[in-house]
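Here's the structure we're looking at; comments come further down.
Derivation of every value follows stated rules applied to the coordinates shown; laboratory data play no part. Quick caveat: nothing in here was measured; it's all calculated off a predicted structure. Methodologically, a virtual Cβ is constructed for each residue, glycine included, from the backbone with ideal geometry; neighbour enumeration extends over all protein chains shown.
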DNA sequence: CGGACAAGCTGA
DNA sequence: CAGCTTGTCCGG
């Protein structure tokens, strides 16, 4: 099949409301926002120079996230040809030198202010459209543009750009007749759309379909995966920049750009299409405030460029489903891309045997590589006195203490460590109410009659020896391993019942990770889910290879409970949060809940309402954390 | 943000 | 009233 011709850009109807651009960043008094073309770079005619008393003046955003203001500087003649919108410069500000970005060119400086010259041009910075996108993101996630611009800027000075590759390279040939390629083509034509591909499916055909339009921007949560896909496209003859190393190549344009979360801010000037891989993955959201999400940044970026944005996920988030149509492969194809999932009903299990069903023991005693997942570290997450049955708690803060190692009880909240003595009756014997990974490892060894390795976020593979057939670990094991025959969730209920509003989506996300370790059912991949809720929609979704079961149930629940994405939320915390809320007041349309544990919860019908209200608040002195779209409440 | 400077507190 | 802390303002 011949490659699709590149389509006209700017021809999509995105249906998204044309949000009035938020009131731009505060502009210093007397200085109107950029009136003239920002990229005009024609040198002034020689005869004109003496007539204009003041030379070129640019507006600069200092790289000081605490300082949300723009300042104007004169461009020294010697630097004239190095300065453009986006350039990284150094400026004198209040007697010291700081970095900054040129955000507007040929500006009218305020009256009565003696301009300083730019101290230095450090090098290339983000293209102009990212400066505007940064302003938008600062509004959308109630943060500072400078903190976002840092993400969009190379980690080192970029003095010169490599020559952009010839744009005439033909797009890669699509891989045979391919269902995924066709889905992708349909999604690309839709503007913003989601393609649901099962865990074992190869997303490469999506990239090929997108690359037929021109250079693409591809962002996914896992560095190794994105990198591998980028290298494949490169091998197909395309020019590919891998972020963050190839920042300058990306900035030069005409290359496809691949990277993880931060690559949402890759400086590629005009991607022809944008692809977000594993859109549901939480690591696409920045943890520090502003807590921007790569998916939402990229959808907005595509909307502004008028190019398509395709999201790909085995289990699309409710957020993605609201953004555009969902395209799914045939039932047969989707089923083939999920492993065989076996729900092991533990309702009838005797208490002592809780974590080790017959099905699990069978798997352990086969020759399969088995990964057991239990999201509890240490020996025990809940300990009680063997004598009086009182639950062991911290004497200082009352939180449950854990048996970290022989002979000590440690509080995870305040860090207090005390000997194994019951504060209630003084007995020195404790029993585990819920075994942790270390304890379970010992029991698995006894069951399997061979060594079992332990794998958690702090213990890496070395601990149990690389050749071990059986591994037990927390969910970190799913990140660190790359293949297995069986993944067994020893206590899936812990995920299903987690007190977080996104628990169901998160649990299904874990099952997707596990599914990728074992591969599709045709290759013999198997998941074992030990649960007391075999009818739970997450379990059913995995068994039936039908993630819509979770999405549908969850969407209703969120609407009923007024949780995102049915609403827009933010959590405000930190020492100066009270002052922030004082200034925030009670704007109409925004519900203010709290404080609970020093945190306030803001809820509005949509982001426009929420963000517009938050944008009016001047930051009080001191530390405030505003987390928009919190993953946990 | 971080420096400058002004207004308040302490000690003899 | 010097010497120091705390607070508020401002930067081009």
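Computed over the stretch A:218-376, the alpha-carbon pair-distance distribution with 5 angstrom bins reads 1, 8, 13, 15, 15, 12, 10, 9, 7, 5, 3, 2, 0, each value a whole percent.
In chain A, the DSSP beta bridges split such that about 50 percent are antiparallel, to the nearest 5. Ordered by the count of other Cβ atoms within 10 Å of each Cβ, fewest first, A:497, A:510 give A:497, A:510. What residues from the stretch A:508-538 fall in the zone where the backbone N is under 14 Å from a label point 7 Å along the Cα-to-C-beta line of residue A:560? From the stretch A:508-538, the list is A:537. In plain terms, the residue of A:73, A:501 with the fewest other Cβ atoms within 10 Å comes first and the most crowded comes last, giving A:501, A:73. A full extension of the chain between residue A:522 and residue A:623 corresponds to an added length of 31.0 nm, given 0.36 nm per residue minus the alpha carbon distance. Net length available on complete extension from residue A:632 to residue A:418 is 74.0 nm, with 0.36 nm assigned per residue and the Cα-Cα distance removed. Placing a label point 7 Å from the Cα of residue A:77 along the Cα-to-Cβ direction, the residues of the stretch A:89-132 whose backbone N falls under 20 Å of that point are A:106-107, A:115-121. In this structure, residue A:189 and residue A:169 have a Cβ-Cβ separation that, at R0 = 22 Å, corresponds to a calculated FRET efficiency of about 0.45.
Roughly speaking, what is the stretch gain from residue A:262 to residue A:367, that is 0.36 nm per residue apart minus the C-alpha to C-alpha distance, in nm to one decimal? Present the calculation step by step, with values, prior to reporting the outcome.
Details: separation 105, 0.36 × 105 = 37.80 nm, distance 4.14 nm.
Gain in length upon complete extension: 33.7 nm.
Computed from label points 7 Å out along Cα-Cβ, the spacing between residue A:552 and residue A:98 is 5.4 nm. Once the Cβ-Cβ distance of residue A:132 and residue A:482 is raised to the sixth power relative to R0 = 30 Å, the FRET efficiency obtained is 0.15.
Label positions at residue A:228 and residue A:347, each projected 7 Å from the Cα along the C-beta direction, are separated by 4.0 nm. Working ranking of peptides A:544-550, A:64-70 by packing, defined as the average number of other Cβ atoms within 10 Å per residue, highest first, is A:544-550, A:64-70. Normalised by the number of residues in chain A, the average gap of Cα pairs under 8 Å and 6 or more apart makes the relative contact order 11 percent. For chain A, the longest principal axis of the alpha carbon atoms and the long axis of helix A:503-518 meet at an angle near 80°.
Where does each of A:586-597, A:316-327 land if you order them by average Cβ count within 10 Å, highest first?
Numbers: A:586-597: 12.7, A:316-327: 19.8.
For the peptides A:586-597, A:316-327, the packing ranking is A:316-327, A:586-597.
Once both labels are positioned 7 Å from their Cα atoms along Cα-to-Cβ, the gap between residue A:443 and residue A:282 label points is 2.5 nm.
Across every pair of different alpha-carbon atoms, what Kirkwood hydrodynamic radius in Å does chain A reach?
Working: mean 1/r = 0.0366 Å⁻¹.
After inverting the mean inverse Cα-Cα distance, the result is 27.3 Å.
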